[in-house]
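As structure tokens, the structure follows; a few thoughts come after it.
Nothing in this text is a laboratory measurement; each read-out follows from the coordinates by a stated rule. Because the structure is a prediction, the values reported are computed rather than measured.
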Amino acid sequence: MPQDLYLLYQAYAPLLWLGLFILSFLLFIWLLLLQRRQRSLARRLEGLKEGFLDHDLPERVKESLEEVRQATLRAEQLVDSFEETGRRLERTVQKVGIVRFDAFPDVGGEQSFAIALLDAHGDGVVISSIRSRTENRIYAKPLRRWDSAYALSEEEKEAIAKAYMRR
């Protein structure tokens with residue numbers, strides 16, 4: 001089961017990252033459009049200040065100021081959304097380390113394993129599966145800052161170290 005989870009992550013990780021990249025790109029384009037609109041409004045206001053007189057000048061100034069306020073508000077919302085996306089990404093599974101091994105001398109094929117699934121801060125879980133000829137046992141230990149309150153086997157430590165080394 002954990003290996004299936006790892007394979008599922010490997011299969012869909014590029015799509016997840018691609019989706020996040022596309023979202024970031026669209027947010028960036030939106031920000032550029034808002035800045036362009038703001039510059040256009042600023043130029044219109046500058047034209048009014050340079051002597052362009054109109055009998056509706058006070059009303060136009062009000063409209064332009066409201067448009068600038070709305071554009072500024074939208075840009076601030078965009079920045080907040082972008083920062084929130086960055087904060088959420090820090091808490092996703094980013095570092096994975098797996099170690100396969102023979103738990104018992106009479107069982108070959110490296111059927112036992114330890115897998116560490118961690119975020120950027122080293123928080124997550126290490127899952128171990130110990131397979132013998134007659135049974136299979138699975139253990140899950142929570143990790144906080146690359147360590148666990150529970151005793152870790154050498155294989156689990158190695159899986160955590162492999163995850164730590166991944167960029």
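Would you list which lysines come within 27 Å of Lys141, measuring only between C-alpha atoms, while excluding same-chain residues fewer than 8 positions from it?
Answer for Lys141, where 27 Å is the Cα cut-off: Lys95, Lys157, Lys162, listed by chain and number.
Taking amide H positions as placed in the peptide plane 1.01 Å from N, state which residues far from Gln94 in sequence (5 or more) or on other chains have amide H under 5 Å from it.
Leu118, Asp119, Ala120
Would you kindly work out the equivalent ellipsoid of region 95-165 from its C-alpha gyration tensor and give its semi-axes, the square roots of five times the eigenvalues, largest first in whole Å? Write out the running numbers ahead of the final one.
Working: eigenvalues 106, 26, 14 Å².
They are 23, 11, 8 Å, listed largest first.
Add -39500 (n - 2.57) for each DSSP H run of 4 or more in the chain, then divide by its residues: what number comes out at 222 nm, to the nearest 500 deg cm²/dmol?
Working: 3 runs with 94 residues, N = 167.
Taking each H run of at least 4 residues, the total per residue is -20500 deg cm²/dmol.
Considering the chain, what Rg and Dmax in Å follow from its alpha-carbon atoms?
27.5, 96
From the phi of every residue in region 92-104, what ³J(HN,Hα) in whole Hz does the Karplus formula 6.51 cos²θ - 1.76 cosθ + 1.60 yield, where θ is phi - 60° and glycine or proline is x?
8, 5, 10, 10, 10, x, 9, 10, 9, 7, 9, 6, 10
Over the Cα atoms of region 2-90, Rg to Rh with Kirkwood Rh, two decimal places? Intermediate values should be presented prior to the final figure.
Values: Rg = 21.2 Å, Rh = 16.2 Å.
So for region 2-90, dividing Rg by the Kirkwood Rh gives 1.31.
Would you mind calculating the gained length between Leu5 and Ser24 on full extension (0.36 nm times residue separation, minus the Cα-Cα distance), in nm to one decimal?
Working: separation 19, 0.36 × 19 = 6.84 nm, distance 2.67 nm.
Gain on extension, Leu5 to Ser24, equals 4.2 nm.
Given the Cα-Cα distance of Ser40 and Gln77 and 0.36 nm per residue of separation, how much length would full extension add, in nm?
11.3 nm
Report relative contact order for region 18-160 in percent, whole number only (criteria: Cα-Cα under 8 Å, sequence separation at least 6). Before the final figure, lay out the partial values.
Numbers: 175 pairs, mean separation 23.1, N = 143.
Taking the mean separation of contacting Cα pairs over the length of region 18-160, I get 16 percent.
Straight-line reach from Lys62: which aspartates and glutamates have Cα under 15 Å away, leaving out those fewer than 8 places along the same chain?
Candidates past the 8-residue exclusion: Glu46, Asp54.
Over region 95-165, what is the mean sequence separation of C-alpha contacts under 8 Å (at least six apart), divided by residue count, expressed as relative contact order in percent? Let's see the in-between values first.
Numbers: 153 pairs, mean separation 24.5, N = 71.
Here the relative contact order equals 35 percent.
What number do you get for region 124-167 when its Cα radius of gyration is normalised by 2.2 N^0.38 Å, N = residues? Please report the intermediate quantities before stating the final value.
Details: Rg = 11.5 Å, N = 44, 2.2 N^0.38 = 9.3 Å.
Rounded to two decimals, the normalised Rg is 1.25.
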